[in-house]
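Worksheet: one structure, shown below.
Every number in this text was worked out from the coordinates using simple rules, so none of it is lab data. Computed from a predicted structure; not experimentally measured. Cβ sites come from the backbone with ideal geometry, for glycine too, and all protein chains shown count toward neighbours.
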Amino acid sequence: MREVLLSVWVWVAIATLIVAWVPITAVVWLFDRDPARYRTGYTLRILGRLLTYVNPFWDIDVTGAFPDDPRHPYVCVSNHLSQGDPPIIARVPWEMKWVAKAELFRLPFAGWLLRMAGDIAVDRRKKKSRAEVLVKARNYLEQRCSVMFFPEGTRSRDGRVQRFADGAFRLAIKAGVPVLPIAIDGTQDALPKHSLRFRSDAQKIRVKVLPAVDTSGYAPEDARQLQRTVRARIIEQVAAWRGIAPEAVDALARDETPVNPSGTPDASEPAP
């Protein structure tokens, strides 16, 4: 019961902060003359951090080699485990425009914030929308603002790293910017998929910014190779945190062992 009551309190605090942040962001937006709306976007990321600070369930550790120049553009990519990932990753100390599903932009308050920040809406069902995402993302890169993708396209159901789409990697190669891998783990327990209940027994949440991958040696037709290189690095980091073999984290491994959402082997399920 205590966990349920605390979860309700956290969601009320989150909703209050989101509503209160709309006029704050609107004021910044009015005076933000940067073509990338950098200050407005950064204001929204501050909100993301605040949403994590009001949550007593979350113990978050963010590490890594952060870029020295926040206006040096990167194509940032991360594995995706929970709807809690975006505010948690917002703890990295720079602005980047997020690619998010179009439904979020239609929400009151939260959608208004996303639009003012200049985040990028995508309707995954429409090929034209997916193509427009890459055009908008490249414009931001040219304006010296990083962009953020979840190349799995949706949250992992079992804690393993799913297949990555190639679009973000083709973009990085064509734009001539590095790819910045970000690994995250622990959010699959902290806020499970299709659940609004925070868990008090969740493991520590870890975020690590991995070394950037230079794309200057890649041609556009090498996007799949670049994608596999970046995905392997994220898998290796998640596996190291969990103390298991990378194959157990990789949903595409041929001899994969079924795992539960915590990322540990689940002997109760038959092998596929």
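In this rough spin-label picture, where each label sits 7 Å from Cα along the Cβ direction, the Glu132-Val4 distance is 4.3 nm.
When each of the peptides 19-28, 174-183 is scored by the mean number of other C-beta atoms lying within 10 Å of its residues, the order from highest to lowest reads 174-183, 19-28.
Under 5 Å between amide hydrogens, built in the peptide plane, is the criterion, and for Phe149 it picks out Cys76, Val77, Ser78 among residues at least 5 positions away or on other chains. Applying 0.36 nm per residue to the separation of Asp59 and Arg224 and subtracting their alpha-carbon distance, the gain on full extension is 55.9 nm.
Sorting 185-197, 79-91 by their mean Cβ neighbour count within 10 Å, with the most densely packed peptide first, gives 79-91, 185-197. In the chain, Cα pairs under 8 Å separated by at least six residues give a relative contact order of 22 percent.
Here's the picture: a label point sits 7 Å out from the Cα of Val12 along the beta-carbon direction, and within region 183-216 the residues with their amide nitrogen under 20 Å of it are 196-200. Would you please calculate the Kirkwood hydrodynamic radius of region 2-249 over all C-alpha pairs and express it in Å, rounded to one decimal? Computed over Cα pairs of region 2-249, the Kirkwood hydrodynamic radius comes out at 18.5 Å. Within region 141-183, name every residue whose backbone N is under 20 Å away from a label modeled 7 Å from Cα of Arg71 along the Cβ vector. Within reach of a label on Arg71, which here means backbone N under 20 Å from a point 7 Å along Cα→Cβ, region 141-183 contributes 141-148, 176-178.
Per-residue packing, averaged as other Cβ atoms within 10 Å, sorts the ranges 40-53, 118-131 into the order 40-53, 118-131, beginning with the highest.
Scanning the chain for long hydrophobic helices, with DSSP H runs required to stretch 24 angstrom or more by C-alpha along their axis and to average at least 1.0 on the Kyte-Doolittle scale, returns 2-31. Please list, in order, the residues from region 146-182 whose amide nitrogen is less than 18 Å from a point placed 7 Å along the Cα→Cβ vector of Ala253. Under 18 Å, as judged by backbone N against the label point of Ala253, lie 156-164 of region 146-182. Shown here: region 99-243, whose C-alpha atoms stretch 45, 41, 27 Å along the first, second and third principal axes, sorted largest to smallest.
Of all DSSP bridge pairs formed entirely within the chain, close to 25 percent run antiparallel.
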